[in-house]
1. Is it true that Leu99 is over 12 Å from the mean Cα position of the chain (by Cα), of a type in the set (A, V, I, L, M) and open to solvent by 30 Å² or more (accessible area, probe 1.4 Å)?
2. Looking at Tyr92, Tyr78, Tyr58, which one is farther than 17 Å from Glu44 by Cβ, among the aromatic types (Phe, Trp, Tyr) and surrounded by 14 or more Cβ atoms within 10 Å (Cβ to Cβ)?
3. Can you name every residue in the range 16-45 that is part of a strand (DSSP E or B) and either in contact with a Leu (Cβ under 9 Å, 6 or more places away or on another chain) or of a type in the set (Gly, Ala, Ser) (or both)?
4. If you go through the range 41-54 one residue at a time, do you hit one that is open to solvent by 70 Å² or more (accessible area, probe 1.4 Å) and either of a type in the set (A, V, I, L, M) or within 11 Å of Cys94 (Cβ to Cβ) (or both)?
5. Given the criterion touching a residue at least 40 places away in the same chain (Cβ under 8 Å), surrounded by fewer than 12 Cβ atoms within 10 Å (Cβ to Cβ) and part of a loop (DSSP other than H, G, I, E, B), identify the matching residue among Gly64, Gly13.
6. With the requirement that a residue be in a loop (DSSP other than H, G, I, E, B), farther than 22 Å from Asn29 by Cα and not hydrophobic (A, V, I, L, M, F, W, C), what does the range 67-102 give you?
7. Hey, could you check the range 17-40 for residues that are of a type in the set (A, V, I, L, M, F, W, C) and in contact with a Phe, Trp or Tyr (Cβ under 9 Å, 6 or more places away or on another chain) and say which is surrounded by the fewest Cβ atoms within 10 Å (Cβ to Cβ)?
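The values are calculated or read from the model by the stated rules, or taken from the named source; none is laboratory data. Every value quoted in this text rests on a predicted model; they were computed, and no experiment measured them. Here Cβ is always computed from backbone atoms with ideal geometry, including for glycine, and neighbour counts include all displayed protein chains. Keep in mind that these areas ignore ligands, DNA and RNA; they rest on the heavy atoms of the full protein, side chains included. Shrake-Rupley method; radii C 1.70, N 1.55, O 1.52, S 1.80 Å.
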Amino acid sequence: QLQASGGGSVQAGGSLRLSCVASGRTFKNYNMGWFRQAPGKEREFVAAISYSVGTIYYVDSVKGRFTISTDNAKNTAYLQMNSLKPEDTAVYYCAALDLRTNNPLYWGQGTQVTVSS
């Protein structure tokens, strides 16, 4: 089970940190990712981090503003979001990803992020 938290409402330029705790699963079996879904849009990839070598991927729109990390001892993934923009408004989901393909295997519940201008 993946439990996401940390969403909220902020003004443009603000910051939030999302957390995703994995219970019943250990990080060594998965890469971890964050996705988001804005109203009326499809769910899109935001960031991912591989367990073994720590390779990190970001969608271009968040590069330089968002940072994905994990604390393997705590089975927790984080998404630090800085310089937030109104277009970052969405429901954010964490996911456990297949180690080889990075395809999502398990989803957490979403956490709402709202950025006002």
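1. Values: over 12 Å from the mean Cα position of the chain (by Cα): yes; of a type in the set (A, V, I, L, M): yes; open to solvent by 30 Å² or more (accessible area, probe 1.4 Å): yes.
Yes.
2. Numbers: Tyr92 fails: farther than 17 Å from Glu44 by Cβ; Tyr58 fails: farther than 17 Å from Glu44 by Cβ.
Just one listed residue meets the conditions, Tyr78.
3. Initial filter on the range 16-45 (part of a strand (DSSP E or B)): 16-22, 31-37, 44-45.
Result: Leu16, Arg17, Leu18, Ser19, Cys20, Val21, Ala22, Asn31, Met32, Gly33, Trp34.
4. Yes.
5. Values: Gly64 fails: touching a residue at least 40 places away in the same chain (Cβ under 8 Å).
Being touching a residue at least 40 places away in the same chain (Cβ under 8 Å), surrounded by fewer than 12 Cβ atoms within 10 Å (Cβ to Cβ) and part of a loop (DSSP other than H, G, I, E, B) holds for just one of Gly64, Gly13, which is Gly13.
6. Kept after step one, since they are in a loop (DSSP other than H, G, I, E, B), are these residues of the range 67-102: 75, 82-85, 89, 98-102.
Adding the requirement that they be farther than 22 Å from Asn29 by Cα leaves 82-85, 89.
Within the range 67-102, Asn82, Ser83, Lys85, Thr89 qualify.
7. Filtering the range 17-40 for residues of a type in the set (A, V, I, L, M, F, W, C) gives 18, 20-22, 27, 32, 34-35, 38.
Narrowing the set further to residues that are in contact with a Phe, Trp or Tyr (Cβ under 9 Å, 6 or more places away or on another chain) leaves 18, 20, 22, 27, 32, 34-35.
Values: Leu18: 25, Cys20: 26, Ala22: 22, Phe27: 19, Met32: 27, Trp34: 26, Phe35: 22.
The qualifying residue surrounded by the fewest Cβ atoms within 10 Å (Cβ to Cβ) is Phe27.
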